[in-house]
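Contents: one structure, followed by commentary.
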Amino acid sequence: MSASNNNLKAAFAGESQANRRYLAFAKKAEDEGLPQIAVLFRAAAEAETVHAMNHLRIAGEIGMTISNLDEAISGETFEFTKMYPEFLEVSKQERNKQAEWSFNVANQVEEIHAELFQKALNALKANEEVPKTDYYVCKVCGNTVENSAPDRCSICGAPHAQFLKVT
């Protein structure tokens with residue numbers, strides 16, 4: 001792999017992290033009653049997304065949907081079978097309950113994501129139409145559910161109102 005391709009991948013990671021960080025900063029600015037600064041952070045976050053997508057595209061990392069689903073399944077499976085279990089063990093040894101909670105809920109959700117991606121991939125490989133499905137995401141833990149938001153999140157117990165319908 002060329003140095004430029006390695007740099008594109010590193011830049012993608014950095015821009016992606018900046019996007020998420022700026023969105024978190026925007027939320028904090030809103031919580032502090034600073035709406036214009038929140039808008040500035042969201043604008044910068046959007047620009048970082050443009051940069052990240054350009055880097056990913058130019059690096060040749062966006063394939064056909066079937067290969068993208070395969071890659072997503074592989075990544076999610078790695079997270080819930082290896083990465084998060086190892087992170088959880090460290091947080092338990094350190095008695096860091098907040099990190100343990102964060103890794104635990106993410107671990108559970110990554111398995112759900114792998115299952116949802118697998119379902120979509122199976123339909124595509126069978127030349128079946130992927131059925132229209134609504135998805136709802138818990139704003140507390142990221143739990144992702146199909147069709148309708150539950151009364152309470154099965155992972156973190158958050159109420160129905162904490163679910164966001166993804167459009």
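Each value in this text was obtained by applying a stated rule to the coordinates, not by laboratory testing. All figures in this text were calculated on a predicted structure; none of them were measured in a lab. Neighbour counts are summed over all protein chains in view; Cβ atoms, including those assigned to glycine, are modelled from backbone coordinates with ideal geometry.
Considering helices alone, the calculated mean residue ellipticity of the chain at 222 nm is -22000 deg cm²/dmol, with DSSP H runs of length four and up weighted by -39500 (n - 2.57) and normalised per residue.
Please arrange Asp151, Asp134 by counting, for each residue, the other beta carbons lying within 10 Å of its beta carbon, fewest first.
With the sparsest Cβ surroundings first, the list reads Asp151, Asp134.
Rounded to the nearest 0.05, the FRET efficiency derived from the C-beta distance between Glu111 and Thr167 at R0 = 35 Å is 0.90. Of the cross-linked pairs Lys9/Lys97; Lys27/Lys139; Lys9/Lys82, those separated by over 24 Å at the C-alpha level are Lys9/Lys97. A simple spin-label model places pseudo-atoms 7 Å from Cα toward Cβ; at Lys28 and Phe78 they are separated by 2.9 nm. Relative contact order, whole percent, for the range 3-58 stands at 48, derived from Cα pairs under 8 Å and 6 or more residues apart.
Normalised by the number of residues in the range 119-167, the average gap of Cα pairs under 8 Å and 6 or more apart makes the relative contact order 33 percent. Here the Kirkwood formula, the inverse mean of 1/r across different C-alpha pairs, assigns the range 63-129 a hydrodynamic radius of 12.9 Å. What percentage of all Cα-Cα pairs in the range 3-58 are separated by more than 13 Å? Of all Cα-Cα distances in the range 3-58, 57 percent exceed 13 Å.
Residues of the range 130-164 with amide nitrogen under 11 Å from the 7 Å Cα-to-Cβ point of Thr65? Flagged as within label range: 130-132. Each Lys and Arg Cβ is given +1 and each Asp and Glu Cβ -1; about its Cα centre, the chain then shows a dipole of about 320 debye. Modelled this way, with points 7 Å down the Cα-to-C-beta line, the labels at Gln17 and Glu129 are 4.4 nm from one another. For the range 1-125, relative contact order (Cα pairs under 8 Å, six or more residues apart, normalised by length) works out to 24 percent.
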